[in-house]
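What follows draws every value from the coordinates through simple rules; no lab data is involved. Keep in mind it's a predicted model, so treat the numbers as computed, not measured. All Cβ positions, even for glycine, are placed from backbone atoms using ideal geometry, and neighbour counts span all protein chains on display.
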Amino acid sequence: MNNSRAAEREEMVNQQILARGIKDPLVLQAMRTVPRHLFVPAPYSREAYQDYPLPIGDGQTISQPYIVAVMTELLSPARGDRILEIGAGSGYQAAVLAACGATVISIERIPAVAELAKKNLANAGVRNVQVLCLDGTMGYPEMAPYDGILITAGAPRIPEVLLDELADGGRLVAPVGDRNIQVLVRVTRNRDEYHTERHGAVRFVPLIGMYGWND
Ligand code: SAH
């Protein structure tokens with residue numbers, strides 16, 4: 001994709017991702033490949049591969065690399081999967097999913113941020129990601145069902161409509177909790193049964209919308 005700063009990505013993967021137990025080879029390869037520095041604002045470019053989130057404007061952030069890896073591993077995208085992401089932000093997470101071989105629909109509620117995601121993805125040469133400016137808490141039935149749904153903003157609860165849009169065998173990963181701290185939840189659909197697991201604590205900006213928090 002873009003080989004510049006590959007040594008920094010390798011170090012990021014070794015020290016932040018592999019060392020903390022991420023094992024999925026597809027995820028590790030994606031994190032080695034996607035040029036994260038093209039998804040952070042120019043003033044932070046030097047810090048692109050550091051172990052923390054960074055501001056992207058409009059009060060929003062690009063997640064810490066490790067959190068992107070954890071969420072991607074929980075979602076477990078396979079080649080050819082159709083994934084719905086809610087919270088496009090910088091577009092980086094969508095690029096990682098695309099690098100795993102998925103086709104991604106990424107929804108962003110803030111128009112300027114949706115434009116930023118589109119610009120970053122085009123600049124990084126990422127195909128297979130479509131960015132739409134909508135309230136993702138209302139789902140996106142046009143392309144359902146999805147093999148995976150990833151919410152990258154903190155939700156008070158998982159919007160019901162999104163569970164309906166999961167394919168049989170599909171996974172939904174989301175930070176669920178209060179406005180300041182959440183727990184990573186994975187819901188796996190098996191026909192009409194939904195199996196829920198809880199993973200570690202995380203801190204995301206709030207999911208705002210009809211079935212999220214109030215603005
Ligand atoms: N995945 C992003 C980081 C997401 S930050 C990345 O890789 O950079 C969370 C994003 O979710 C913000 O841009 C915020 O505007 C967006 N968001 C919050 N509520 C939303 C909603 N209801 N629908 C779509 N996007 C939403």
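Brief remarks on what is shown
- For the chain, built as a Gaussian network whose Cα springs stay under 10 Å, the top-fluctuating residue of THR196, THR72, THR33: THR196
- Anisotropy class of the stretch 1-147 from Cα gyration tensor, a/c 1.5 cut: oblate
- Only Lys, Arg (+1) and Asp, Glu (-1) charged, at Cβ; the chain dipole about Cα centre in debye: 540
- Residues in the stretch 132-148 carry Karplus couplings, in order, of 10, 9, 8, 8, x, 5, 8, x, 9, x, 3, 10, 5, x, 10, 6, x Hz; the curve used is 6.51 cos²θ - 1.76 cosθ + 1.60 with θ = phi - 60°, and Gly or Pro positions show x.
- Taking the DSSP beta bridges with both ends in the chain, the antiparallel portion is around 45 percent.
- Full extension of the chain segment joining GLU10 with ALA167 gains 53.1 nm, where the gain is 0.36 nm per residue of separation less the Cα-Cα distance.
- Note on MET143 and ARG127: the model spin-label points, each 7 Å out from Cα along the C-beta direction, lie 1.6 nm apart.
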